[in-house]
Each structure stands twice: as structure tokens, then as C-alpha cells.
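**Student:** After the C-alpha cells below, expect a handful of questions from me.
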Amino acid sequence: MTDLFISWLSAGIPLAGALVCRALWSDPYRVKMSAIVWSAISLVSIVGVAGRIPTQPDGLLPLYLLPLAALVSSLGQPVHENHRLSWTMTLVFLGLGMGVLTAGNPFGLLCQIVLMLIIMLLLYRHHTTLWPISWWGINSFAIAVVGAGLSLAAGPPISSVASLATCAVLLPLMPFHDGYLTALTRLPGSLPPFIVLLLPVLGLHRLATVMPTMPNEFVAVVSLLALVSSLYGAIKALAQSRVRLLVGYGSISFFSILWWFVAGAHQATPRAAVLAGAVGLATGGLLVAWQVIRTRYGDDVDPQAISGLAAAMPKYAVLLSLLGLAAMGIPPFGVFAGFMGLLLTAPPSSTIGLLIALTAWLAASWYIMQMVQQLLFGARRPDLRYADLRHPEFTSLLLVVLALLALGLAPTSLYAFDQTPNTTVAMD
């Protein structure tokens, strides 16, 4: 009864907030504030019931990161009537995501199916000349929906293979990565910075259940595919001129490295959740930072045309630099802690595989360095209107940096809490 109450509470609070947003539809500012407040309430409620939440294979960390990401993504968007839908849908996706993480089958899988169907509808409706409709991305989510349905209706081994296909769409792995990229580039407003954490976290949650049941031969194929996907994402990132695609392919490379570790260990642990959460948060933070540029210079702005922000926008320069370091996997931030945690607790069986993963990591990090350097340094252009961060934008980016710092500095206590939620743990 307690587990059912927690599931309904976790999912119901954001969904109630979405209804409130709909009631306040005529006032965009109140819709935004409602989305922020209800995301904060969701986070506080999880803190309050944490000791009663059953232990999850991937830990409890995702339950804290999802409301935080929803808050950050809503806070970082400027007030405009065109963003009302994205603020409301952020709460809807948060509610469905919390339902997936806290409820068992069949309710959790049904929440996941509904979430993906809504994403498909949004991708069909929201596209522009710059970002035309992508049927490959929509079809990827259709595959994930079919996989989730088969895992609910069929027995093993069909259900296991179908679940793995769904995981490969949500936690992007080539050749099923188009859905993730399409959602990142086509969804409106505040949704992309939230979706880049939501989808991988849900994919990892499902993978934690599926991976231990996979035959060794099948896991070996997944491991090889993960290494290929990591190199593919890194190379594609280096070839991109659009920031959102560049960030998207880079994150795919990092998520593929996570797949390789999970396949090697034959399980997904709370340490894997730290890496997935840190990569998702860092990617979302970079998207919020790019939204600042889009707000000032337009959606179709060429990043090569923007330079010299360090002197004119010092707050933005500091936070973007920290986000860049965090996304590159530099200590003491969460990406580095998650990577090293997996490396030290589940030593890889293949030295060649480790070298490939490290090469992909370094290559994927290079694009971030180039992007940050291009935006912050270089000649200051007299024809550009420079305006530093507004208070909501500053707060949004600061929250991401602090969260990534917390994941990097206190990973041991997070693992201990995730594994024993009903006991008091001595912190290191």
C-alpha cells in the first residue's frame, strides 16, 4: 500500500501542476511560475518520502534529478506565450517519468508508453524550416513503443529483446539514436533541456532490470555496438555546425560509453545512474546556455558569428566555462566521478575496448572546448548587442553547475543512500 501511495504521489504532484498551468493559460508569466513551483514541490516531496521508497537497481538518484532538471529547464526559458505548452508538458513528462521510476509493471510501462506517444505527437506537430519533420526520429519512438508493449504482453526471450530495443531508443545507442536527437532538436521551449535527462534515465532504469537476464553472447554484441556507437557519436559531433546537434551527438558518445560499462558488468548500478544523470544534466545545462544566445540573437544564429562574450558577459562566461569543464568530464564534476566510479568498481574485460572508450571520450570533449572558446573569446563585434544573464537564467545555470559539483564531490554518500534507503549511513 505504501509503494502504491508513493507512486501516485510522485506522479500525481507534477500532473496536478500541469492542470494548474492549463487553468492559468492566459497569463504566460503565471504559467512559468506554476511550472517552477510544482517542480520544486515534486523535489521536496521526494526528499520527504525517500526513506520509504523501495531500493531500485539503479538507485534513487534519478528521482531527485528529474524534478531538478524540470525546474532548471523551466526557469531558464524567457517568458513568452509560445512557451506555455512546453512548461505544461514538462510537468506532464515529469509526472509520467516519476511514475515509470516508482511503479512496477504494468503501471510503470504504461506510463512509459504514454510518454513516448506524446513525444511522437509533439514531434509531428512541432517542426520548422530550420528543423524539418524527422520521420526517422518518430519511427524510432514507434519502435520503442512496440518494444514496451511486447515486453508487457509477451514472455521471455521476446520480452527481454523488446525491452532492450526500447532502452536503446531512450538511452541512445546507434542505430536507435535518431529519436533522442529528434527530441533534442525539435521539441519546443523548455522540453529539450529536460528531455536529454529524462529519456536516458528512464532507459537506464529499464536496462537495470533487463541486462541481468541477457545471454552472454547477446551482451557481447551490445558491448561491441556500444564501442562503435561511442566513436560514431564523437566523430559526428566534431562535424556539426549547429550547436544542438553538436551537443546531442557528443552526449550520445558518452551514453554509449555507459552502455559499454553496463554490458561489461552485466548490470546497471547506482554508479551508472550517476554517470547517466551527470551527462544528462551537463547536456541540459549546455542547451539552456545556448538558449541564452538564441534569446538574444535568434533561433537561426550561426555560432561562428558570435564571439567575445567573456568581456561583455562575465556571468555567462564563468558559468558556461564551468559547464564546459563539467561536460568534458573534468574533475571534480559528476561526469568524471561517474566514469571513474564505473571504471574502478567494474574493471573492463578488454583493454582495447577501454582505449576505444577513452578515445571517444577525448574526441567528444573536444567539441565542447571548441564551442566554449568560440563563444567566449575572439574579437568583440560592435554590431552585436551584448546583455549578460538575467536573474532566472543565472539561477538556472548555477543550479546545474552546483548539482554537477555535488555529484562529483559526494558520489560515495549518494551510492550508499541509494543502496540502503531505510537505514542511516555514515558519510565519508
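**Student:** Could you tell me which of the residues Val201, Val247, Val243 is modelled with pLDDT under 90, among the β-branched types (Val, Ile, Thr) and surrounded by 20 or more Cβ atoms within 10 Å (Cβ to Cβ)?
**Tutor:** Working: Val201 fails: modelled with pLDDT under 90; Val247 fails: modelled with pLDDT under 90.
The conditions single out Val243.
**Student:** Here's another thing I want to ask about it. State which residue pairs qualify: first residue free of Cβ contacts under 8 Å to residues at least 60 places away in the same chain and inside the stretch 230-248, second residue part of a helix (DSSP H, G or I) and of a type in the set (Phe, Trp, Tyr) in any location, beta carbons under 7 Å apart, and separation of 6 or more residues or different chains.
**Tutor:** If the second residue must be part of a helix (DSSP H, G or I) and of a type in the set (Phe, Trp, Tyr), the pairs left are Lys236/Tyr249.
**Student:** Write out, first by first residue and then by second, each pair whose Cβ atoms fall under 6 Å of each other, whose residues are 6+ apart or on separate chains, and whose first residue, in the stretch 80-101, is more than 25 Å from Asp58 (Cβ to Cβ) and in contact (Cβ under 8 Å) with a residue 60 or more places away in the chain while the second is in a helix (DSSP H, G or I) and not hydrophobic (A, V, I, L, M, F, W, C).
**Tutor:** Arg84/Pro28; Trp87/Lys32; Trp87/Ser74
**Student:** Ok, one more. With the condition kept exactly as written, say whether any residue in the stretch 206-223 is modelled with pLDDT of 85 or more, buried (at least 18 other Cβ atoms within 10 Å of the Cβ) and in contact with a Ser or Thr (Cβ under 7 Å, 6 or more places away or on another chain).
**Tutor:** So far as the stretch 206-223 goes, yes, one or more of its residues are modelled with pLDDT of 85 or more, buried (at least 18 other Cβ atoms within 10 Å of the Cβ) and in contact with a Ser or Thr (Cβ under 7 Å, 6 or more places away or on another chain).
**Student:** Return yes or no: is Arg30 part of a helix (DSSP H, G or I), touching a Pro at 6+ places or on another chain (Cβ under 6 Å) and not aromatic (Phe, Trp, Tyr)?
**Tutor:** Working: part of a helix (DSSP H, G or I): yes; touching a Pro at 6+ places or on another chain (Cβ under 6 Å): no; not aromatic (Phe, Trp, Tyr): yes.
When the stated conditions are applied, Arg30 does not pass them.
**Student:** Let me ask something else. Could you list, in sequence order, the residues of the stretch 341-377 that are of a type outside the set (A, V, I, L, M, F, W, C), crowded, with 16+ Cβ neighbours inside 10 Å and within 22 Å of Thr269 (Cα to Cα)? Quick ask: steps written out before the conclusion?
**Tutor:** Step one: filter the stretch 341-377 for residues of a type outside the set (A, V, I, L, M, F, W, C), giving 341, 345, 347-351, 353, 359, 365, 367, 370, 373-374.
Narrowing the set further to residues that are crowded, with 16+ Cβ neighbours inside 10 Å leaves 341, 348, 353, 365, 367, 374.
Within the stretch 341-377, Gly341, Pro348, Gly353 qualify.
**Student:** Can I ask one more? When the residues of the stretch 207-254 are narrowed to those that are of a type outside the set (A, V, I, L, M) and outside any helix (DSSP H, G or I), which ends up nearest to Ala364 (Cα to Cα)?
**Tutor:** That would be Gln240.
**Student:** Could you look through the stretch 4-59, keep only residues that are touching a Lys or Arg at 6+ places or on another chain (Cβ under 7 Å) and β-branched (Val, Ile, Thr), and pick out the one that is nearest to Ser73 (Cα to Cα)? So that I can check it myself, show each step before the final result.
**Tutor:** Just the residues of the stretch 4-59 that are touching a Lys or Arg at 6+ places or on another chain (Cβ under 7 Å), to begin with: 6, 24-25, 28, 31.
Next, only the ones that are β-branched (Val, Ile, Thr) stay: 6, 31.
Details: Ile6: 25, Val31: 14 Å.
Filtering first and then ranking leaves Val31.
**Student:** Which one of these does Thr269 not meet: (1) farther than 23 Å from Pro67 by Cα; (2) of a type in the set (Ser, Thr, Tyr); (3) within 24 Å of the chain's Cα centre (by Cα)?
**Tutor:** Exception for Thr269: condition (1).
**Student:** OK, next. Just wondering, is there one or more residues in the stretch 302-315 that are among the basic types (Lys, Arg), closer than 30 Å to Leu384 by Cβ, surrounded by fewer than 24 Cβ atoms within 10 Å (Cβ to Cβ) and in contact (Cβ under 8 Å) with a residue 24 or more places away in the chain? I'd like the intermediate steps shown before the answer.
**Tutor:** Kept after step one, since they are among the basic types (Lys, Arg), are these residues of the stretch 302-315: 315.
Still in the list and also closer than 30 Å to Leu384 by Cβ: 315.
Filter once more, keeping what is surrounded by fewer than 24 Cβ atoms within 10 Å (Cβ to Cβ): 315.
If we keep only those that are in contact (Cβ under 8 Å) with a residue 24 or more places away in the chain too, we end up with 315.
Within the stretch 302-315 (the criterion being among the basic types (Lys, Arg), closer than 30 Å to Leu384 by Cβ, surrounded by fewer than 24 Cβ atoms within 10 Å (Cβ to Cβ) and in contact (Cβ under 8 Å) with a residue 24 or more places away in the chain), the answer is yes, since at least one residue qualifies.
**Student:** If Gly280 meets every condition in (1) over 19 Å from Leu170 (Cβ atoms); (2) modelled with pLDDT of 95 or more apart from one, which number is that one?
**Tutor:** Failed condition: (1).
**Student:** If you don't mind, another one. Cβ-Cβ under 9 Å, sequence separation 6+ or interchain: first residue in the stretch 374-387 and on the phi > 0 side of the Ramachandran plot, partner surrounded by 13 or more Cβ atoms within 10 Å (Cβ to Cβ) and of a type in the set (Ser, Thr, Tyr). Which pairs?
**Tutor:** From residues that are on the phi > 0 side of the Ramachandran plot, the pairs are Gly378/Ser307.
**Student:** Right, here's the next one. Which one is modelled with the lowest pLDDT, of the residues in the stretch 391-410 that are under 15 Å from Val274 (Cα atoms) and over 19 Å from the mean Cα position of the chain (by Cα)?
**Tutor:** Ala410
**Student:** Have a look at Gly338, Gly324 and point out the one that is free of Cβ contacts under 8 Å to residues at least 60 places away in the same chain, crowded, with 22+ Cβ neighbours inside 10 Å, closer than 25 Å to Leu402 by Cβ and touching a helix residue (DSSP H, G or I) at 6+ places or on another chain (Cβ under 8 Å). Step through it out loud before you land on a result.
**Tutor:** Numbers: Gly338 fails: free of Cβ contacts under 8 Å to residues at least 60 places away in the same chain.
Selected residue: Gly324, the only one of Gly338, Gly324 that is free of Cβ contacts under 8 Å to residues at least 60 places away in the same chain, crowded, with 22+ Cβ neighbours inside 10 Å, closer than 25 Å to Leu402 by Cβ and touching a helix residue (DSSP H, G or I) at 6+ places or on another chain (Cβ under 8 Å).
**Student:** Another question about this same structure. Just to be sure, is Leu9 in contact (Cβ under 8 Å) with a residue 60 or more places away in the chain, closer than 18 Å to Leu63 by Cβ, aliphatic (A, V, I, L, M) and assigned to a helix (DSSP H, G or I)? I'd like the intermediate steps shown before the answer.
**Tutor:** Working: in contact (Cβ under 8 Å) with a residue 60 or more places away in the chain: no; closer than 18 Å to Leu63 by Cβ: yes; aliphatic (A, V, I, L, M): yes; assigned to a helix (DSSP H, G or I): yes.
No.
The values are calculated or read from the model by the stated rules, or taken from the named source; none is laboratory data. What you see is a predicted model, and the numbers here were worked out from it, not measured in a lab. Cβ: placed from backbone, ideal geometry, glycine included. Neighbour counts: every protein chain shown.
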